[in-house]
Amino acid sequence: MTKPRILVARAIFPEVIERLKQHFDVEPNLTDELLSKAQLTEKLRDKVGVFTTGGERIDAELLAACPSLKICANMAVGYNNFDVPAMTAAGVLGTNAPDVLTETTADFGFALLMATARRISESEHFLRAGKWTRWSYDMFAGSDIHGSTLGIIGMGRIGQGIAKRGALGFGMKVLYHNRSRLDSITEAECKARYVSKEELLKTADHVVLVVPYSAASHHTIGAAELALMKPTATLINIARGGIVDDAALAKALREKRIAAAGLDVFEGEPKVHPNLLTVPNVVLTPHIASATLPTRLAMANLAADNLIGFLVNGKPLTPLNPEVLA
Ligand code: GLV
């Protein structure tokens, strides 16, 4: 019997490819280059499934050109690379990779917050450049984490993980803003208080962004929002590029209208706004919040389980548009 044909759009763990090969005729991407839209479309014309990693755009035009496609399995919790309504209209299932990365990503959000508030990157560059010749009382003085006010915008699983780290580990007062308010049990577990976005921006010492990207969340933080923040505040973005207006942020950082920022995601990444590269008070990392090997393996296995679950058993684990299963 011929096996269903699938594409794995980027290089992934060899053991996950081997698992997939037990069920499918797998075309891997041996070059590991991000496929152009034309290349992706061409490769998907004869496939029933695709393993994506978050960078591959699946839209109505591609779906119309690839009528045999039945499932797109993203190895990422975010899925703004998928046009889900277009997929549903075409009867194509989308799946993402939630839960398995929550704690790792919350760890990273906290690490980026610590590095930003305590100026770890900036001071390390200073040391490596041979500029450390003497002690001074205010050298790289940063802002405290413990006992300060943490404001979280986007209180899903990862936001809740960051809230718990802040409240339980560092005695922080936690404020949050979210599309919908959490139930009182979850609020109590996170020791978090729901406030308006404006109140959060005005009162938090550290603002962490963990909202999914959509047209509605585009530039959640722009010049007007940055102007509301305290001049001593830090801003952390581990959500998606486009949630922050990077040009406006670079300007605010240069003018010291806020103290510092930590960014793991960027508008138009892997390009980074040139003005961010030249301001000292920003910590920049290349979209690595979920990057530990055990977590990346769990994400890859979950995407593979979705392909196997759906194409072999008719039961995907984490469907985004379960209505296509009906
Ligand atoms: C990473 O950004 C993810 O969405 O998993």
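For segment 233-257, which residues satisfy the criterion of being more than 14 Å from the ligand (Cβ to nearest atom) and either outside the structural domain of Gly151 (by TED's automatic domain parsing) or open to solvent by 10 Å² or more (accessible area, probe 1.4 Å) (or both)?
Asp245, Ala247, Ala248, Lys251, Arg254, Glu255, Lys256, Arg257 - these are the residues of segment 233-257 that are more than 14 Å from the ligand (Cβ to nearest atom) and either outside the structural domain of Gly151 (by TED's automatic domain parsing) or open to solvent by 10 Å² or more (accessible area, probe 1.4 Å) (or both).
Please go through segment 306-326 and give me each residue that is open to solvent by less than 50 Å² (accessible area, probe 1.4 Å) and free of Cβ contacts under 8 Å to residues at least 24 places away in the same chain, ordered by number.
Gly309, Gly314
Within segment 182-194, identify whether any single residue is of a type in the set (Val, Ile, Thr), surrounded by fewer than 18 Cβ atoms within 10 Å (Cβ to Cβ) and at pLDDT 95 or above, and answer yes or no.
Yes, the conditions are met somewhere in segment 182-194.
Can you find, within segment 155-181, the residue that is most open to solvent (accessible area, probe 1.4 Å) among those that are among the basic types (Lys, Arg) and in a loop (DSSP other than H, G, I, E, B)?
Within segment 155-181, the match that is most open to solvent (accessible area, probe 1.4 Å) is Arg179.
Give segment 51-67 a look and list any residue that's open to solvent by less than 10 Å² (accessible area, probe 1.4 Å), closer than 27 Å to Gly241 by Cα and not charged (D, E, K, R), or say none.
Residues satisfying the conditions are Phe51, Thr52, Ile58, Leu62.
Take the residues in segment 287-303 that are within 17 Å of Thr52 (Cβ to Cβ) and not in a helix (DSSP H, G or I); name whichever of them is least open to solvent (accessible area, probe 1.4 Å).
The extreme case among them is Ser290.
Whether any residue in segment 87-107 is outside the structural domain of Ala11 (by TED's automatic domain parsing), touching an Asp or Glu at 6+ places or on another chain (Cβ under 9 Å), closer than 15 Å to Thr285 by Cβ and within 15 Å of the ligand (Cβ to nearest atom) is what I want to check.
no
Look at segment 29-50 and say how many of its residues are over 14 Å from Pro4 (Cα atoms), assigned to a loop (DSSP other than H, G, I, E, B) and open to solvent by less than 80 Å² (accessible area, probe 1.4 Å).
4
Can you tell me how many residues in segment 17-28 are open to solvent by 80 Å² or more (accessible area, probe 1.4 Å) and in a helix (DSSP H, G or I)?
2
Can you name every residue in segment 110-149 that is buried (at least 17 other Cβ atoms within 10 Å of the Cβ) and either of a type in the set (S, T, N, Q) or touching a strand residue (DSSP E or B) at 6+ places or on another chain (Cβ under 6 Å) (or both)?
Result: Leu112, Leu113, Ala115, Thr116, Ala117, Ser121, Ser143, Ser148, Thr149.
Give the residues of segment 81-109 that are assigned to a loop (DSSP other than H, G, I, E, B), surrounded by 15 or more Cβ atoms within 10 Å (Cβ to Cβ) and within 15 Å of the chain's Cα centre (by Cα), sorted by residue number.
Asn81, Asn96, Ala97, Pro98, Val100, Leu101
Just to be sure before I move on: is Gly78 under 14 Å from the mean Cα position of the chain (by Cα), in the same structural domain as Thr278 (by TED's automatic domain parsing) and within 16 Å of the ligand (Cβ to nearest atom) in the structure I sent?
Here the answer is no, as Gly78 does not meet what is asked.
Would you call Ile152 assigned to a loop (DSSP other than H, G, I, E, B) and aliphatic (A, V, I, L, M)?
So Ile152 fails the test.
The values are calculated or read from the model by the stated rules, or taken from the named source; none is laboratory data. This is a predicted model, so every value here is computed, not measured. FYI the Cβ positions are ideal-geometry reconstructions off the backbone, even for glycines, and counts take in every protein chain you see. Each accessible area value is taken on the protein alone, full model and side chains, heavy atoms only, with ligands, DNA and RNA left out. Shrake-Rupley method; radii C 1.70, N 1.55, O 1.52, S 1.80 Å.
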